[in-house]
1. What number of residues within the range 35-59 are over 12 Å from V638 (Cα atoms), in contact with a helix residue (DSSP H, G or I) (Cβ under 9 Å, 6 or more places away or on another chain) and open to solvent by less than 40 Å² (accessible area, probe 1.4 Å)?
2. Restricting the range 476-498 to residues that are closer than 18 Å to G566 by Cβ and acidic (D, E), which is modelled with the lowest pLDDT?
3. Among the charged types (D, E, K, R), in a helix (DSSP H, G or I) and at pLDDT 85 or above: is that true of E648 in this structure?
4. Out of the strands (runs of 3 or more DSSP E) lying entirely within the range 485-567, which hold 1 or more residues that are surrounded by 23 or more Cβ atoms within 10 Å (Cβ to Cβ), of a type outside the set (V, I, T) and free of Cβ contacts under 8 Å to residues at least 24 places away in the same chain?
5. Could you check the range 122-210 for strands (runs of 3 or more DSSP E) lying wholly inside it with 1 or more residues that are touching a Lys or Arg at 6+ places or on another chain (Cβ under 9 Å) and open to solvent by 10 Å² or more (accessible area, probe 1.4 Å)?
6. Which of the residues that make up the range 77-94 are outside any helix (DSSP H, G or I) and among the aliphatic types (A, V, I, L, M)?
7. Restricting to the range 226-257, and then to whatever is among the charged types (D, E, K, R) and in a helix (DSSP H, G or I), can you tell me which residue is nearest to A134 (Cα to Cα)?
8. So which residues in the range 686-707 are open to solvent by less than 70 Å² (accessible area, probe 1.4 Å) and at pLDDT below 80, if there are any at all?
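The values are calculated or read from the model by the stated rules, or taken from the named source; none is laboratory data. Keep in mind the model is a prediction, meaning the values are calculated, not measured. Don't worry about glycine lacking a Cβ; one is built from the backbone with ideal geometry, like all the others, and counts go over all protein chains shown. Side chains included, ligands, DNA and RNA excluded: accessible areas come from the protein's heavy atoms. Shrake-Rupley method; radii C 1.70, N 1.55, O 1.52, S 1.80 Å.
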Amino acid sequence: MFFNEDHNDIRELAREFAEKELAPIANEIDHNDAVPQAIYDKMAQMGFFGLKIPKEYGGIGLDVRSYVSVMEEICKKSITCSLTFSSANSLSTAPILLAGTEEQKQKYVPGIASGKEFMAFGLTEPGAGSDAGAMTTKAVEDGDYYILNGRKTFITGAPFAKNTVVFAKTNPDKGPKGITTFIVDMTLPGVSIGKHEEKMGLRGVATSDVVLEDVRVHKREILGEIDKGFTTAMKTLSIGRIGVACQGIGVAQGALEEAVKHIKERKQFGQFLSEFQALRFMIADMETKINAAKLLVYNAAYKMDMGEDVTKDSSMAKYFATEMSLDVVSKALQMHGGYGYSKEYPIERMYRDARVLTIFEGTSQVQQMVIAGAVLSDKKMKKEEIEKQQAAPAAQAKAAPVAKTAAPAAAARPSVAQAAQAPVATPAASVAAKPQPTNQDGKSMNILVCVKQVPNTEELKVDAAAGTSNLETIPKVLSTFDACALETAVRMKDANPSVKIVVVTVGSDKAKDVLKACVAVGADKAYHVNDPVFEDVDSLAVSYVLSLAVRKIEELEGAFDLVFLGRQANDTDAGQVGPQLAEYLGYPGLSYAREVSVVDGKVRATRETEDGYVVMDADIPAVVTVTKTEYDLRFPSVKSKMAANRAEIPVFTAADFGDDAVSIWQPTKTLKTYIPERKSGGIKIEEETGELSAEKLTALLSNAGVI
């Protein structure tokens, strides 16, 4: 109802990232009070920081529902990891996009969208929380400058922010109508950071005071009109409240999943906890409330995308979703019993993280005031005022078409853990330092990657009693070893964007999803070989079919300089396809390569052997079998994922390869198999009871002198 295919794809991408990257380290982040820099680097590369920022300012230009989809999935595993990218899409950029000049937008927004810079939001003060209009920070005019004095408190990301949006009173006598918005460079004289707040939850992103003592801010850093800052703040919070509501439904859904897992595994009084009616009714209440909250959040996001006034809708979403999250997470912890009070279980962290959601960006009581005011007010907003209010980037109605190539890895953002300002090298930067891949003629290279699809075993379900499984129906994913081969090619492309990557696979219709996944991480083109005659063939047959595919694709794409594939590509661990393919093509072959580069017109592979590592060179063109890599596999960016979904994938059948594919080649058949006798190296103990088995084992160990 609220989401289209693009939204669902973005959600799937965010879910995979959260499950693989965040879930395993979420408790560690909480314990260490630091988010690893690598997490921010990956989020930047995927485009999360610029998700709904307009493309003209360095963002992707997607809509609020895309933002909601990512936020919800990330917060199921770690609200902490959502804070900086959420701020980048709301509190950090909304004031600039709402009230800033074109010069200010071009100056500040692209750095935030790329993840290179962070801008904090300075509204709250020690004596002005819910009553933001009661702030005491002042700005006094002094020629071309304003002199700021005051203190902002509970400012997320202040220690590592490059700039902070600061609200200060330029006309104190006018109250809220005398507040102006400034952009304050955190390196200016007079700006200092207060102590690090030891928080109950959301540990991992630093929070502290921002102290302003006679800070001179030039008038060109004023956002919007003088004395109109309070309006900018309230409009910004209206956008931000949808993000907090997403945090609420995300952590609640995550807590429910943890509770369901626990009560289905733990027994009490001779039965699983999931069989107790009292707990089943609690689960029903939790599921119902989560879904009710989702509808409020999705409705607010949809209306914002349609350009409607969402002041009341965003407050209702924030109010209900965050209050709901406290109730659901509390019930989930209760179901864990004593284990829920232990830091070894995620639910304890979720309980602490969820508690602040009803407080920041407007308490529940403030939301009630906004909602009641909207219901009871007899004033209707003028049409032009609504249009002006919704001129924010959040009113992007539809996701625009994007390029069909993967975005290059973004530069690393400042380290949140150490509040460092120095840039951190990204994987792409390290690759660029190596010799750039070119062929013998000094031209850019064509690389073909042969990939295999394997069942997604994470979705495998086996019915032991019936002897059945869902193996044939579960989706296919890219073989890990072939993913390493593709990553090797993409890193060459990072170093030299003129490199062209083509992928090919042999398989059924399900293979299309795998090919699109390859395009999403950096391949330029994908080809699919699909014919029943190629089913259930051995590695030698697959090698032959691939050689025919290589020659056919070369007619369309030009000659290939390198052919990559993984050790398990189409062959059950033996590593045979690569050498066999090299023989069919007449190319030199390098197998078991951990690192691949091109030097002086030759391909160089660092090969893994029983005695260590061996470096070998081969002439180009060559076939290289990649066994594994020394670096992490990348996630696709949101832009490249969407582009890949629209990619056209040509399909070849046996008829396209001529008669050779069918008549000349016939798969090998095994007539007899010799299996050597396996001799056991142990002693099997079979007694009537466990006690007798233990006695016999003890006697044997005693006689052997072991005990």
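1. Qualifying residue count for the region: 7.
2. D482
3. In short, no.
4. none
5. Passing ranges, in order: 138-142, 145-156, 163-169, 179-185.
6. Across the range 77-94, the qualifying residues are I79, L91.
7. It comes out as K235.
8. Residues satisfying the conditions are T689, G690.
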